Ligand SMILES: Cc1cc2nc3c(=O)[nH]c(=O)nc-3n(C[C@H](O)[C@H](O)[C@H](O)COP(=O)(O)OP(=O)(O)OC[C@H]3O[C@@H](n4cnc5c(N)ncnc54)[C@H](O)[C@@H]3O)c2cc1C
């Protein structure tokens, strides 16, 4: 039991921090990057690839670094700290994670290799206008066509869906949910991208008899999807921790400099106590997020651990996001100042793969089946 | 104590409801219902429809278009307007500068400004806050120096809501920098926004909208006649005005309308094979919000039924505090009902996500403002603790 990073992990954190600082040392830089399509900086993406970060969790055989969930968490937290808009979790953790888990050796070599080199942006097209945080597909169906398959239906919102070179798509097949690969230039693929409130991009992706191949052996992949989503939830949790950390630091610094009534705002205990409560939320969420990554590394029940982290991070993110704006006053709701963007991103993360109530409901369904929770024991370790 | 409205008030309520739902163009009410930005033309059109029927400024003196209604009638008027998704008459005109001019202005100023203010022929903006004078408004630094028959204004205002539409600004300026108390040396000046030396810079908010501005003054000359009331009494007028601002700030009707919409949307979303509206957690959350709103509405009614002598009921201070919190909770509810669809915030044509779900998060982010402006919720707590509890 040890929550500390080792020296290599510390080095990794410093390196990622340094790399991202080149692109996002102030919030104006981020504002101009997200103002133009594709909503992130391709140069920063290449630098992430050069440092090996885009292949971090993939095996060396697949062109990756063979690193574990803690390393992924470190990168995600640094991304959150500066709100870097690059689709690291979307491409590497989620889409890449699915390919790594179920792809054939050939698919892994090609797609994971391309992701690691920074030449392939892959995303998971899964959410549908009629579903809500399920591991299954309902509205997109796969039909056999000769040797391959065609897909029909709509996925939305798909993060970075318009920019992606390859889409990993969930679709109804034989009563289950299968996974398919669709190339960005496939016929019958219509993508309409747009900006989202947090500055990133999403898309409506329409399949009209679009040719596709199965990812891996085919068949029902609900369990693999559930697991990949859980791992992505944990990673987004770390991104949120980084964002909350900056939101809190920014707020504390503001309270020390903003003057009203002849004194700096930190002279009002009504405000400093609220900052203290933000810290309480942040540290509880941080512990839970770190724990979830360790459960993943230890091979424990990652789905349940992810739900616990999701619940804690969701509650903390809302608390800290709202208070960070409120304690700033008017400047907090402007697009010209940084802090509100953190609230915006935290709100987006909260709704990407399941919010706190959603996670609490999943945990609630299970409470009768055990007596106490031991985070260091079964089913986690 | 009596629960029911009198038959006269019931009839009054019906009359208001009918007017608002039949006389204000549907397209404008749809804009409000959909949480889209209301355009200048839509505000102007609505206020003129109301004003023609004597419903824009019922709380003003009868002589200037007021109605001599009871506080309860005014409450019903406002609540029905909000329930019908009618954009309220521009607060800067009808709740702020109008009543100040009607109470403290001279006859010439009343004649010159009040009819046009009621009819939104003049669009006013509020020049109070400055970069270093927010909660501590009395520390404002914009100055006006007398030069012959003019005041010469220099300085900066900020957060000026819809200043880009405004014809005139009412502005707190420091006219006596030597006054012992900083509240004493402040006056209220009014001048056109196109006066030489006035420049405006829009500020983008988190939802991507432009509703506030910075306004800069460089040697702006304002005729001495355009000082409202007495020199150096501006702070009293500001307090009077902000007191009026707090009336109706609970926005019970607006939140009630939002909760009704939220229930409708929750019926459209399916989770685990059933409508989200039937999800026990979601249903309980809505029930709690509705109950909080009932408590707020009843408190508002208790306050209006009790303030006949003109003095605000002490409980009125809870209206802004809780009213803003409930408005914010309602906007958050929309985001959570939209769930993953809330990510499609700026989707346009070609999106399968319904419009209400797309605007949910920008609206939620924008509404963080309601606990900040009009006296922040911390300021409201300071008032409750200090003025009411004597702490
Ligand atoms: C969208 C929007 C529209 C606005 N429109 C207008 C307008 O049209 N005209 C106009 O003049 N102004 C307008 N305002 C300005 C508004 O009135 C101010 O934002 C408000 O007074 C708060 O001031 P501030 O933003 O400078 O925050 P600050 O006063 O700096 O406050 C920062 C934080 O500290 C808290 N705080 C401050 N002092 C204390 C204290 N003594 N004790 C405890 N907590 C304290 C505040 O509550 C807040 O949480 C608008 C603001 C917004 C956001």
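The values are calculated or read from the model by the stated rules, or taken from the named source; none is laboratory data. As the structure is a computational prediction, the values presented were derived from the model and not from experiment. Note: ideal-geometry Cβ built from the backbone for every residue, glycine included; neighbour counts use all protein chains shown.
Quick test for you: out of B:13, B:78, B:48, B:17, pick the one residue that is within 29 Å of residue B:361 (Cα to Cα) and surrounded by 14 or more Cβ atoms within 10 Å (Cβ to Cβ).
B:78
Only one of (1) assigned to a helix (DSSP H, G or I); (2) touching a helix residue (DSSP H, G or I) at 6+ places or on another chain (Cβ under 9 Å); (3) modelled with pLDDT of 95 or more fails for residue B:86. Which number is that?
Here residue B:86 meets the rest and fails (1).
Name the residue, out of B:213, B:244, that is under 25 Å from residue A:334 (Cβ atoms), within 16 Å of the ligand (Cβ to nearest atom) and either surrounded by 17 or more Cβ atoms within 10 Å (Cβ to Cβ) or within 13 Å of chain A (Cβ to nearest Cβ) (or both).
So the residue among B:213, B:244 that is under 25 Å from residue A:334 (Cβ atoms), within 16 Å of the ligand (Cβ to nearest atom) and either surrounded by 17 or more Cβ atoms within 10 Å (Cβ to Cβ) or within 13 Å of chain A (Cβ to nearest Cβ) (or both) is B:213.
When you go through A:319, A:328 one by one, which is the residue that is touching a residue at least 60 places away in the same chain (Cβ under 8 Å) and touching a helix residue (DSSP H, G or I) at 6+ places or on another chain (Cβ under 8 Å)?
Going through A:319, A:328 in turn, just one is touching a residue at least 60 places away in the same chain (Cβ under 8 Å) and touching a helix residue (DSSP H, G or I) at 6+ places or on another chain (Cβ under 8 Å): A:328.
Sort through B:248, B:234, B:229, B:273 and tell me the only one that's on the phi > 0 side of the Ramachandran plot and modelled with pLDDT of 95 or more.
From the options B:248, B:234, B:229, B:273, the qualifying one is B:229.
Can you pull out the residues in the range A:331-356 that are within 16 Å of the ligand (Cβ to nearest atom), free of Cβ contacts under 8 Å to residues at least 24 places away in the same chain and buried (at least 22 other Cβ atoms within 10 Å of the Cβ)?
Listed by number, the residues that qualify are A:332, A:333, A:340.
What number goes with the only condition from (1) within 16 Å of the ligand (Cβ to nearest atom); (2) buried (at least 22 other Cβ atoms within 10 Å of the Cβ) that residue A:310 does not pass?
(1)
Given the options B:316, B:342, B:387, name the one that is away from the ligand (no atom under 16 Å from the Cβ) and under 30 Å from residue B:1 (Cβ atoms).
Just one listed residue meets the conditions, B:316.
Out of all the residues in the range A:200-215, which are outside any strand (DSSP E or B) and within 10 Å of chain B (Cβ to nearest Cβ)?
A:200
Where in the range A:294-381 are the helices (runs of 4 or more DSSP H), entirely inside, with at least 1 residues that are more than 13 Å from chain B (Cβ to nearest Cβ)?
A:302-328
Restricting to the range B:352-384, and then to whatever is more than 13 Å from the ligand (Cβ to nearest atom) and out of contact with any helix residue (DSSP H, G or I) (no Cβ under 7 Å at 6 or more places or on another chain), can you tell me which residue is nearest to residue A:135 (Cα to Cα)?
Here the residue is B:352.
Does residue A:78 count as within 19 Å of the chain's Cα centre (by Cα), buried (at least 18 other Cβ atoms within 10 Å of the Cβ), touching a residue at least 12 places away in the same chain (Cβ under 8 Å) and in a helix (DSSP H, G or I)?
yes
Mind checking which strands (runs of 3 or more DSSP E) fall wholly inside the range A:115-168 and carry at least 1 residues that are within 13 Å of another protein chain (Cβ to nearest Cβ)?
Once the strands (runs of 3 or more DSSP E) in the range A:115-168 are filtered for at least 1 residues that are within 13 Å of another protein chain (Cβ to nearest Cβ), what remains is A:122-125, A:148-159.
Please indicate, with yes or no, whether at least one residue in the range B:101-110 is within 24 Å of residue B:52 (Cα to Cα), within 12 Å of the ligand (Cβ to nearest atom), surrounded by 21 or more Cβ atoms within 10 Å (Cβ to Cβ) and in contact (Cβ under 8 Å) with a residue 60 or more places away in the chain.
Among the residues of the range B:101-110, not one is within 24 Å of residue B:52 (Cα to Cα), within 12 Å of the ligand (Cβ to nearest atom), surrounded by 21 or more Cβ atoms within 10 Å (Cβ to Cβ) and in contact (Cβ under 8 Å) with a residue 60 or more places away in the chain, which makes the answer no.
Determine if the range A:233-244 includes at least one residue that is more than 16 Å from the ligand (Cβ to nearest atom), outside any helix (DSSP H, G or I) and either within 14 Å of chain B (Cβ to nearest Cβ) or under 30 Å from residue A:126 (Cα atoms) (or both).
no
Filter the range A:245-265 down to the residues that are within 12 Å of the ligand (Cβ to nearest atom) and closer than 28 Å to residue A:78 by Cβ, then identify the one that is surrounded by the fewest Cβ atoms within 10 Å (Cβ to Cβ).
A:257
From the set of residues in the range B:182-210 that are without any contact (Cβ under 8 Å) to a residue 60 or more places away in the chain and within 14 Å of chain A (Cβ to nearest Cβ), which is nearest to the ligand (Cβ to nearest atom)?
B:203
Which one of these is touching a helix residue (DSSP H, G or I) at 6+ places or on another chain (Cβ under 6 Å) and within 30 Å of residue B:43 (Cα to Cα): B:167, B:207?
B:207
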